[in-house]
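Asks: Below is a structure I'd like to ask you about.
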Amino acid sequence: MTLGTPDNSGAASLEAIARNGSLFRRIAVRIPTYLKDLRENPAWLPMFVLARTMPGRRMHWLGARRVRPLDNAGETMFAGVDCEAVVAGLRSDGLFSGFTLPPAIHEEIAAFAQRTPCFGNFDRRLEFMPGDHAEAEKRFGRSLLSGHYFERILDCPAALAIQRDPLLLDVAQNYLGGQAKLITTRVWWSFPTGKASDADKNLASLGKYHFDLDDWRMLKFFFYLVPVDAGTGPHVYVRGSHRRRSLKHQLTLLVGHPAEEVLDVYGPESPVTLTGEAGLGFVEDPFGFHMGTVPAHTPRLMMEIGFGVSRPSRRRFHGEPVIR
Ligand SMILES: O=C(O)CCC(=O)C(=O)O
């Protein structure tokens with residue numbers, strides 16, 4: 001398209017207005033959450049403003065307390081995984097893949113998820129059994145992209161066994177520093193659905209590269225609880241994007257950015273698409289760009305165990321945008 005002709009510049013400015021309108025809408029929907037976060041914890045504000053910048057992050061990393069890897073990380077279910085190798089992968093790529101859950105553990109969580117009602121699109125009013133997804137979309141008259149268990153998952157002993165596994169804390173403390181603590185435990189479905197809105201996709205962190213801005217330093221362990229192939233909405237991580245950031249992506253108000261923009265900075269070879277069997281686990285520094293993808297044909301069941309260095313929100317369970 002040639003810019004500058006009257007017709008084209010009109011189209012370009014309409015496009016710009018639409019883009020800005022959607023930007024303001026995306027910011028506006030988050031404002032109530034931000035205000036409550038600030039009231040609950042005033043230290044949230046400097047983090048929210050500065051943790052998106054490299055100098056802000058680097059300053060905070062200087063305060064990371066050094067710990068020594070445990071020779072024997074207690075009774076871990078991940079025998080054979082070496083903490084130092086995991087931390088080395090995290091430092092260089094922002095990602096380490098190579099955990100395997102024992103079958104009894106991932107099968108128990110998957111069975112728990114099948115028999116327990118979940119909440120659609122992070123909304124506690126949209127409660128349904130995962131097996132009734134198609135019927136629930138009709139009943140609620142909207143597409144249901146995700147189904148979360150929130151605190152219900154804490155009733156599943158196998159999920160608690162992963163959350164408490166000493167190797168995860170060992171990796172977190174060696175990477176983030178001695179201050180690392182558990183902040184999130186979540187299990188959720190991503191469902192194939194034809195008609196999800198961009199707002200629902202953004203809420204579910206699907207289909208758009210973004211970085212997490214919930215704490216100064218974070219680490220997320222993800223585990224697939226069903227086999228995940230290209231059609232099951234695999235997770236994608238942009239290798240190396242936790243270590244450097246274009247100025248545009250530091251001064252941005254938004255954490256989500258179009259793929260072309262992100263890959264222009266880190267290169268087309270940088271994204272790693274994580275597919276694998278039920279039980280596959282990986283860990284990432286979520287300051288690096290990453291995303292889930294919308295499943296094309298099969299629902300994905302996934303678990304996340306997150307570590308951070310600040311006090312977690314007492315008010316809302318992971319990612320819950322509805323303020324009570
Ligand atoms: O669903 C996924 O694979 C992505 C999750 C995600 O982006 C996040 O937890 O920040």
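Asks: If packing is taken as the average count of other Cβ atoms within 10 Å, what order do 216-222, 101-107 fall into, highest mean first?
Replies: Ranked from most to least packed, the peptides come out as 216-222, 101-107.
Asks: Can you tell which of Val228, Thr76, His290 lies farthest toward the positive end of the dipole of the stretch 14-308, using +1 and -1 charges on the Cβ of basic and acidic side chains (Lys, Arg; Asp, Glu)?
Replies: Of the listed residues, the answer is His290.
Asks: Another question, then. On a 1.4 Å probe surface of the protein chains, which of Met54, Met129 comes out largest in accessible area, and what is the full order?
Replies: If we order Met54, Met129 from most to least accessible, we get Met129, Met54.
Asks: Near the amide H of Gly178, under 5 Å away, which other amide H atoms are found, from residues 5 or more places off or on another chain, if H is placed in the peptide plane?
Replies: Correct list: Arg65, Arg66, Val67.
Asks: Follow-up question, since we're still on this one. Solvent-accessible area of Asp82, probe 1.4 Å, all protein chains present, reported in Å² to the nearest ten, please.
Replies: 90
Asks: Mean shadow of the stretch 14-308, computed from the convex hull of its alpha carbons, in nm²?
Replies: So the Cα hull casts an average projection of 15.7 nm².
Asks: Here's another thing I want to ask about it. Counting only the heavy atoms of the protein chains, how much of Val265 is accessible to a 1.4 Å probe, in Å² to the nearest 10?
Replies: Counting only protein heavy atoms, Val265 exposes about 50 Å² to solvent.
Asks: Work out Dmax and Rg for the stretch 200-259 from the C-alpha atoms and quote the Rg first, both in angstrom.
Replies: For the stretch 200-259, the Cα radius of gyration and maximum Cα-Cα distance read 13.2, 38 Å.
Asks: First measure r as the distance between the Cβ atoms of Leu247 and Glu269, then evaluate 1/(1 + (r/R0)^6) with R0 = 25 Å and state the FRET efficiency to the nearest 0.05.
Replies: 0.65
Asks: Now for a separate question. Using amide H atoms built in the peptide plane, which far-off residues or other-chain residues are under 5 Å from Ile183 H to H?
Replies: Here the answer is Gly306, Phe307, Gly308, since their amide H atoms fall under 5 Å of that of Ile183.
Asks: Which one, Asn121, Ile105, Ala159, is farthest towards the positive end of the dipole of the chain when Lys and Arg carry +1 and Asp and Glu -1 on their Cβ?
Replies: Checked the options; the winner is Asn121.
Asks: Express in % the proportion of alpha carbon pairs of the stretch 123-272 at distances exceeding 23 Å. Kindly include the intermediate steps, with their values, before the conclusion.
Replies: Numbers: 5635 of 11175 pairs.
More than 23 Å apart: 50 percent of the Cα pairs in the stretch 123-272.
Asks: Something else now. Projected area of the stretch 115-191, taken from the Cα convex hull and averaged over every viewing direction, in nm²? Show your work: numbers first, answer last.
Replies: Numbers: hull surface 24.0 nm².
Average of the hull's projected areas for the stretch 115-191 equals 6.0 nm².
Asks: Starting from the Cα of Lys195, draw a straight line to each of the lysines and keep only those under 23 Å, dropping any in the same chain fewer than 8 residues away.
Replies: Those lysines meeting the cut-off are Lys138, Lys208.
Asks: How would Tyr237, Tyr34 rank on accessible area, largest to smallest, probe 1.4 Å? Don't skip to the answer; put the middle values down first.
Replies: Details: Tyr237 0, Tyr34 60 Å².
Largest to smallest exposure gives the sequence Tyr34, Tyr237.
Asks: Please arrange Glu304, Glu40, Glu84 by accessible surface area, largest first, computed with a 1.4 Å probe and ligands excluded.
Replies: The residues order as Glu84, Glu40, Glu304, largest area first.
Asks: With labels modelled as points extended 7 Å from the Cα through the Cβ direction, what inter-label distance (nm, one decimal) is found for Thr76 paired with Lys138?
Replies: It is 4.9 nm.
Asks: Please report the base-10 log of the normalised intensity I(q)/I(0) for the stretch 80-123, using a Debye sum with one equal scatterer per alpha carbon and no solvent, at each q in 0.19, 0.26, 0.27 (1/Å).
Replies: For the requested q values the scattering log ratios are -0.75, -0.85, -0.88.
Asks: Not counting ligands, DNA or RNA, and with a 1.4 Å probe, what is Arg65's accessible surface area in Å² rounded to the nearest 10?
Replies: Counting only protein heavy atoms, the figure is 140 Å².
Asks: Have a look at Ser246, Met303, Pro46 and report the one farthest towards the positive end of the charge dipole of the chain, computed about the Cα centre with Cβ charges (Lys/Arg +1, Asp/Glu -1).
Replies: Toward the positive end, the furthest listed residue is Pro46.
Asks: Kindly report the accessible area of the chain per residue (heavy atoms of protein chains, probe 1.4 Å, no ligands, DNA or RNA), in Å². Walk me through the numbers on the way to the answer.
Replies: On the way: 15440 Å² over 324 residues.
Accessible area per residue: 48 Å².
Asks: Can you list the HN-Hα couplings for the stretch 276-285, worked out from phi with the Karplus curve (6.51, -1.76, 1.60; θ = phi - 60°), rounded to whole Hz and with x for Gly and Pro?
Replies: Here the 3J(HN,Hα) series is x, 6, 4, x, 5, x, 8, 10, 9, 8 Hz.
Asks: Same structure, new question: Once you've got the GNM for the chain with C-alpha springs shorter than 10 Å, pick whichever of Val87, Val255, Val283 has the biggest mean-square fluctuation.
Replies: Val255
Asks: Ok, one more. Is there a quick way to get the dipole size of the stretch 14-308? I mean about its Cα centre, with the Cβ of Lys and Arg at +1 and of Asp and Glu at -1; what is the value in debye to the nearest 20?
Replies: 1180
Asks: Could you tell me the calculated FRET efficiency between Ala296 and Lys36, based on Cβ-Cβ distance and R0 = 41 angstrom, to the nearest 0.05?
Replies: 0.70
Asks: Quick one: 3J(HN,Hα) in Hz for the stretch 187-195, Karplus 6.51/-1.76/1.60 with θ = phi - 60°, rounded, Gly and Pro as x.
Replies: Once θ is set to phi - 60°, the couplings for the stretch 187-195 become 10, 7, 9, 10, 10, x, 8, x, 10 Hz.
The values are calculated or read from the model by the stated rules, or taken from the named source; none is laboratory data. This is a predicted model, so every value here is computed, not measured. Virtual Cβ from ideal backbone geometry, glycine too; neighbours counted across all protein chains shown. For the accessible areas, the whole protein counts, side chains as well, though only heavy atoms, and no ligand, DNA or RNA atoms are used. Shrake-Rupley method; radii C 1.70, N 1.55, O 1.52, S 1.80 Å.
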